[in-house]
Amino acid sequence: MEASELSDHLQSASPLLLDVREPWEFEICHLPNSVNIPMNQIPQQLDLVRAAEECVVICHHGVRSMQVINFLIQQSCNNLINLDGGVNAWAHQVDQDMALY
């Protein structure tokens, strides 16, 4: 899902915004109401993802989030959305005041 599409989607939905970057990256910038669980900790948090009606997985540019989605699919998780371009795309398309790194 493109960042602009996600921005519109968040007007009417409340998906789990799962940020899989490292904590130091999350401190620099993140989407409002997102939850930071680094990708290496995802296996211990499967119940959180399974409980979500919809889960948007977020990273810096969209590569790690796609890797996490592929893992989650293997674990029978569904309703997964990748934020194409990650927080970098969000900063360029939606929130130009967001810090970049």
Going by the structure shown, is Glu27 surrounded by 11 or more Cβ atoms within 10 Å (Cβ to Cβ), over 12 Å from the mean Cα position of the chain (by Cα), under 26 Å from Asp95 (Cβ atoms) and among the charged types (D, E, K, R)?
-> yes
Per-region count, the range 39-61, residues within 27 Å of Leu100 (Cβ to Cβ) and crowded, with 18+ Cβ neighbours inside 10 Å = 8
Tell me which residues, restricted to the range 83-101, are closer than 15 Å to Pro38 by Cα and not β-branched (Val, Ile, Thr).
-> Gly86
Determine whether Ser7 is surrounded by fewer than 17 Cβ atoms within 10 Å (Cβ to Cβ) and small (Gly, Ala, Ser).
-> yes
How many residues does the range 1-52 hold that are among the charged types (D, E, K, R) and touching a Phe, Trp or Tyr at 6+ places or on another chain (Cβ under 8 Å)?
-> 2
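Every read-out reported here was derived from the displayed coordinates using simple, explicitly stated rules and does not represent laboratory data. Computed from a prediction, not measured in an experiment: that's the story for all the values here. Backbone-built Cβ (ideal geometry, glycine too); neighbour counts: all protein chains shown.
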